[in-house]
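Chemist: Below is a structure I'd like to ask you about.
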Amino acid sequence: MKLKIYFLAVLVLFSLLFSGCSKEVEEYNKSAIYWYSKIVQSVSNGDLERADNYYSSLQGEHIGSPLLPEATMILALAHMYHEEYLLSEHFLNEYIKRYATPNEKEEAEFLKIKAKYMALPNPRRDQGLITEAIEEGEAFKRIYPNSMYLEIINTMLTRLYLAEFTLNESIAGLYDRLDKPKSALYYRSINPQPWIVSEEVNRAVAPWYRSWFEGDGTSSWYDFMIPDTQSVVSRSSVKDEDVGESDETK
């Protein structure tokens, strides 16, 4: 009797499992409006992973659908809202490349720069992303000199230049503490904005749980571990007068 009950329970579980699988398998060969409504419903529920899957189905089954441009922009904005900026940029690139008219391209390019800018809550952690955002911002100003977004772009660029400046100053300060003056001089020389006055820059204050490890940009918690003597592996520690003395003794 127990064996029969066990067998029936296993049978019920398998039937439920396979019915669930068949339900998923049936999600194909649907109309464009079906996939579009599923995308909107999933975005409304905050399930962006499922929305992305429905988008793939819409794009795969209806490559010429007039619903695709709007669905692409919806997902770009949804990912930006949920702070998934790399995915937002992916959909914006798709929109610009495939669907945007000249007027729509301007807005999409602006949103791309905004996504990069908003992806930088901790500027000291991504030097490459700062550089990319600055380059794209300057390119936007050249291409759209009369854009309605120009003032916002200028504000973002100002903050990005300040972030780049403080990052380079932090790296230069580290090389100063390591007794590598040539490396420090290099990072100070690549700050290209003459309008930035170091003494007038209010540096970002890191939360206490990050400041323990990151410091304030001028020193770090491990400062006491750096020796006061010159680095034996640093060629920049060699002074010019030492070189001259060695030449005279030869």
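Chemist: So how many Å³ per residue does the convex hull of the Cα atoms of segment 24-181 work out to? Walk me through the numbers on the way to the answer.
Modeler: Numbers: hull volume 22.3 nm³, N = 158.
About 141 Å³ per residue, rounded to a whole number.
Chemist: Rounded to the nearest 0.05, what FRET efficiency do LYS97 and GLU132 give with R0 = 25 Å and r taken as the Cβ-Cβ distance? Could you check?
Modeler: Numbers: r = 18 Å, r/R0 = 0.71.
Once rounded, the FRET efficiency stands at 0.90.
Chemist: Here is a further query. Please list, in order along segment 163-170, the HN-Hα scalar couplings obtained from phi with the Karplus expression 6.51 cos²θ - 1.76 cosθ + 1.60 (θ = phi - 60°), rounded to whole Hz, x for Gly and Pro.
Modeler: Once θ is set to phi - 60°, the couplings for segment 163-170 become 5, 5, 4, 5, 5, 5, 5, 5 Hz.
Chemist: Measuring from label point to label point, each 7 Å out along Cα→Cβ, what is the ARG159 to SER31 span in nm?
Modeler: 4.5
Chemist: Starting from the amide H of LEU67, placed 1.01 Å from N in the peptide plane, find each other amide H under 5 Å away whose residue is 5 or more places distant or on another chain.
Modeler: Result for LEU67 returns nothing.
Chemist: Ok, one more. For segment 58-120, rounded, prolate or oblate, judged on the Cα gyration tensor with a ≥ b ≥ c (square roots of eigenvalues), a/c < 1.5 rounded, else prolate if a/b > b/c? Don't skip to the end; give the middle numbers.
Modeler: Details: a/c = 2.66, a/b = 1.51, b/c = 1.76.
In terms of gyration-tensor shape, oblate.
Chemist: Let a ≥ b ≥ c be the square roots of the eigenvalues of the Cα gyration tensor of segment 75-155; is it rounded (a/c under 1.5), or, if not, prolate (a/b larger than b/c) or oblate?
Modeler: It is oblate, given that a/c is not under 1.5 and a/b is not larger than b/c.
Chemist: Right, another one. Please name whichever of VAL40, ALA119, PRO66 sits farthest to the positive end of the charge dipole of segment 25-132, dipole taken about the Cα centre and charges placed at Cβ: Lys and Arg +1, Asp and Glu -1.
Modeler: Value: ALA119.
Coordinate-derived values only; no laboratory data. From a predicted model like this one, the values you see are computed outputs, not experimental measurements. Reconstructed Cβ throughout: ideal geometry from the backbone, glycine too, with neighbour counts over all protein chains shown.
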